[in-house]
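*Asks:* First, the structure itself, so that you have it in front of you.
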Amino acid sequence: MRILLIASAFNSLTQRVHTELRSRGHVVGVELALGEDVMRAGVARFEPDLIVAPMLTRAIPEDIWSRHTVLIVHPGPKGDRGPSSLDWAIHEGAEEWGVTVLQAVAEMDAGPIWASVAFTVEPCGKSELYRNEVAAAAVEGVLLAVERFGSGRYRPEPLDYDREDVRGRLRPYHGQEHRRIDWQADDTATVLRKLRSADSQPGVLDEIDGREYFLHGAHPEDELRGKAGELIARREGAVCRATRDGAVWLTQLRARRTPGGPVTYKLPATLVLGELAEALPEVSVKPFVAAGRQTWSELRYREEGEVGYLEFAFPSGAMSTEQCRRLTAAYRAAADRPTSVLVLGPARDFFSNGIHLNVIEAAEDPAQESWENINAMDDLVEAILTTTGKVTVSALAGNAAAGGLMLAIAADEVWCRSAAVLNPHYRLMGLYGSEYWTYTLPRRVGEEQARRLTTEALPVGAAEALRLGLVDRVGGGSAAEFREWTRRQAAELAGSPELAGKLLEKQRWREADEAVKPLARYREEELARMRRNFFEPEEPYHRLRQEFVHKVCPTATPEHIRGEGKLVGSEAGRG
Ligand code: COA
């Protein structure tokens with residue numbers, strides 16, 4: 001089938017639906033919902049059999065939905081309507097929620113239902129929930145709806161509030177008036193719910209020391225206590241704030257934009273608060289201690305038998321210079337442990353999205369900060385590439401992009417959750433890229449595919465990644481199931497009689513590769529290109545980065561995601 005995705009952004013869910021539909025043999029195109037005429041032109045060009053809207057914040061014009069079947073993904077159970085479904089679900093502490101695929105009609109979210117899938121609401125931020133449980137339910141719902149549509153026999157179920165399984169309702173926009181935290185009255189559970197329902201957009205508007213900020217990232221703290229509402233500690237860029245009956249960690253803040261003032265964007269909380277944060281006690285926690293506690297820490301380390309697990313979780317998957325350095329130190333310590341397998345990666349969500357574009361944007365000298373950041377990234381990758389005596393494994397429970405994906409493929413083995421979306425390219429940010437990708441990517445997929453992946457700049461699903469050799473193993477299920485699967489695979493690998501042979505072989509080919517072309521040369525060549533990207537004024541990187549960080553809406557659908565228009569007349573006969 002020819003399926004056109006109309007979406008407000010080519011975000012992770014749209015990318016996931018894109019990869020899943022392509023892998024089932026459909027011809028998939030994308031048109032961003034940048035306006036009614038853009039959508040009309042996209043439909044006329046692509047001539048779809050079916051239109052799917054995985055993420056849409058505006059209505060589809062009537063002349064499109066009256067001529068084509070348009071399936072809208074709504075992040076709520078049957079009967080739920082309105083623009084803030086997930087916000088309400090998290091705010092009210094729903095334990096189960098759903099995704100419904102419904103047909104576009106005149107009334108928003110009120111069309112006939114093609115599929116509805118339930119999921120369990122995990123205790124996490126809205127965007128993390130969206131990239132995990134919501135995405136899984138949405139993909140299941142879309143695939144079912146597409147199959148039903150393709151059968152030509154399925155009749156979608158009209159929305160009928162008298163039906164017992166239609167439990168949702170129309171709810172209003174979830175504005176700041178619902179989100180406001182009363183630090184004296186709200187208990188920790190309420191504060192967490194409010195913060196999580198607003199994460200990552202729009203954040204909870206609040207005051208700190210007389211200034212207004214949007215608060216982001218909320219994690220409970222088990223030991224620190226203080227006067228309700230006061231900031232009591234800092235750690236790894238986050239600040240800890242006391243509640244009535246406990247404390248929470250806030251990882252990122254965004255200063256409220258003043259009228260006519262500069263654009264503001266999310267940054268590590270301590271960077272935004274400056275001196276105020278510096279005055280707070282730095283309460284560090286070692287990775288192996290953090291693993292056993294209910295507190296915020298970017299790094300956790302634990303061992304099970306012969307296997308070490310170094311978990312990292314960077315907000316937005318972005319890794320600043322400091323974050324890279326902290327992870328490198330933790331990596332070196334983990335690599336020195338007497339284990340035979342070292343597994344790297346967060347328990348859930350993003351593996352990594354590469355260098356921290358927001359921190360770079362905020363730096364006094366963004367070019368210099370980009371340079372420091374990529375060098376810190378390269379130091380980390382080099383440490384992984386040169387590890388001897390143990391097998392390193394990257395476990396991708398979630399998505400990875402650009403340098404963040406190249407970081408993953410530095411490990412000896414890459415294990416990937418079937419739901420992960422991988423973006424093995426830097427082109428869209430105007431960068432050549434480093435992280436030793438010119439060594440690792442062709443070695444995995446071959447020169448030809450490496451060129452295709454990095455220039456085509458399309459997302460790759462786990463199944464395709466496995467076929468290409470970009471990853472070595474794929475595990476299905478939820479993030480928790482993938483974690484358990486990884487544990488079993490790692491234990492098996494550590495206990496396998498072939499392990500010693502694998503280690504010997506690893507050392508041999510590293511030495512052989514080094515003799516052909518030293519790692520230092522790859523780095524030097526990549527960084528020479530990156531230096532130009534960062535420091536030459538005509539390069540597009542600084543503009544592209546600023547647009548990304550400032551969330552500038554594109555003016556047209558990028559050509560590389562539009563897909564092939566339908567060939568007509570004599571064109572169709574050629575080739
Ligand atoms: N630096 C800073 N912030 C980043 C980031 C980075 N490298 N990568 C992602 N983010 C932020 C996004 O701005 C977004 O912020 P928000 O929560 O305020 O909206 C958040 O992380 C989640 O990313 P989002 O784009 O919504 O996720 P997605 O899964 O829909 O899309 C990508 C994922 C990877 C396609 C997209 O985030 C991207 O292109 N990232 C940049 C990758 C890159 O070029 N890295 C630098 C070169 S190494």
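*Asks:* For ARG325, indicate whether it is part of a strand (DSSP E or B) and more than 13 Å from the ligand (Cβ to nearest atom). Walk me through it before giving the result.
*Replies:* Values: part of a strand (DSSP E or B): no; more than 13 Å from the ligand (Cβ to nearest atom): yes.
Spelling it out, it is not the case that ARG325 is part of a strand (DSSP E or B) and more than 13 Å from the ligand (Cβ to nearest atom).
*Asks:* If you check GLY345 against the conditions, is it within 11 Å of the ligand (Cβ to nearest atom), at positive phi and surrounded by 23 or more Cβ atoms within 10 Å (Cβ to Cβ)?
*Replies:* It is false that GLY345 is within 11 Å of the ligand (Cβ to nearest atom), at positive phi and surrounded by 23 or more Cβ atoms within 10 Å (Cβ to Cβ).
*Asks:* Residues that are at pLDDT 95 or above and within 26 Å of ALA363 (Cβ to Cβ), at least 1 per element: which helices (runs of 4 or more DSSP H) completely within region 192-311 meet that?
*Replies:* 269-273, 275-278
*Asks:* Would you point out which residue out of ASN373, ASN358 is within 14 Å of the ligand (Cβ to nearest atom) and buried (at least 24 other Cβ atoms within 10 Å of the Cβ)?
*Replies:* When all the criteria are applied, what remains is ASN373.
*Asks:* Do we have any residue at all in region 323-342 that's over 27 Å from LYS502 (Cα atoms), crowded, with 24+ Cβ neighbours inside 10 Å and without any contact (Cβ under 8 Å) to a residue 60 or more places away in the chain?
*Replies:* For region 323-342, residues over 27 Å from LYS502 (Cα atoms), crowded, with 24+ Cβ neighbours inside 10 Å and without any contact (Cβ under 8 Å) to a residue 60 or more places away in the chain: present.
*Asks:* Moving to a separate point now. What pairs come up if the first residue lies in region 125-139 and is under 21 Å from SER352 (Cβ atoms), the second is at pLDDT below 95 and away from the ligand (no atom under 12 Å from the Cβ), and their beta carbons are under 8 Å apart, counting only those six or more places apart or on different chains?
*Replies:* Qualifying pairs under 8 Å: GLY125/ALA218; GLU128/ARG348; ASN132/ARG348.
Residue by residue, here is whether (1) touching a Gly at 6+ places or on another chain (Cβ under 9 Å); (2) touching a residue at least 60 places away in the same chain (Cβ under 8 Å); (3) within 30 Å of VAL343 (Cα to Cα) holds:
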position	(1), (2), (3)
ARG257	no, no, no
PRO268	yes, yes, yes
VAL272	no, no, no
VAL289	no, no, yes
GLY292	no, no, yes
THR295	no, yes, yes
ARG302	yes, no, yes
PHE312	yes, no, yes
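*Asks:* Also, quick follow-up: Restricting to region 388-412, what's the tally of residues that are within 14 Å of the ligand (Cβ to nearest atom) and either within 21 Å of GLU514 (Cβ to Cβ) or basic (Lys, Arg) (or both)?
*Replies:* Selection size over region 388-412: 4.
*Asks:* Is it true that TYR154 is in contact (Cβ under 8 Å) with a residue 40 or more places away in the chain, away from the ligand (no atom under 16 Å from the Cβ) and at negative phi?
*Replies:* Details: in contact (Cβ under 8 Å) with a residue 40 or more places away in the chain: yes; away from the ligand (no atom under 16 Å from the Cβ): yes; at negative phi: yes.
Yes.
*Asks:* Among residues belonging to region 210-235 that are farther than 23 Å from ARG257 by Cα and in contact with a Leu (Cβ under 7 Å, 6 or more places away or on another chain), point out the one that is surrounded by the most Cβ atoms within 10 Å (Cβ to Cβ).
*Replies:* Among those that are farther than 23 Å from ARG257 by Cα and in contact with a Leu (Cβ under 7 Å, 6 or more places away or on another chain), it is ARG234.
*Asks:* Does LEU5 satisfy the condition of being outside any helix (DSSP H, G or I), crowded, with 24+ Cβ neighbours inside 10 Å and under 27 Å from the mean Cα position of the chain (by Cα)? Can you show your working first?
*Replies:* Values: outside any helix (DSSP H, G or I): yes; crowded, with 24+ Cβ neighbours inside 10 Å: yes; under 27 Å from the mean Cα position of the chain (by Cα): yes.
For LEU5, the condition - outside any helix (DSSP H, G or I), crowded, with 24+ Cβ neighbours inside 10 Å and under 27 Å from the mean Cα position of the chain (by Cα) - is met.
*Asks:* Here's something else I'd like to know. Out of the residues in region 11-60 that are part of a loop (DSSP other than H, G, I, E, B) and without any contact (Cβ under 8 Å) to a residue 24 or more places away in the chain, which is farthest from the ligand (Cβ to nearest atom)?
*Replies:* GLY25
*Asks:* How many of the residues making up region 532-556 are in contact with a Gly (Cβ under 7 Å, 6 or more places away or on another chain) and assigned to a loop (DSSP other than H, G, I, E, B)?
*Replies:* Looking only at that region, the number is 2.
The values are calculated or read from the model by the stated rules, or taken from the named source; none is laboratory data. Owing to the predicted nature of the structure, the values given are computational and were not obtained by experimental measurement. Because the Cβ atoms are built from the backbone with ideal geometry, glycine has one as well, and the counts that use them run over all protein chains shown.
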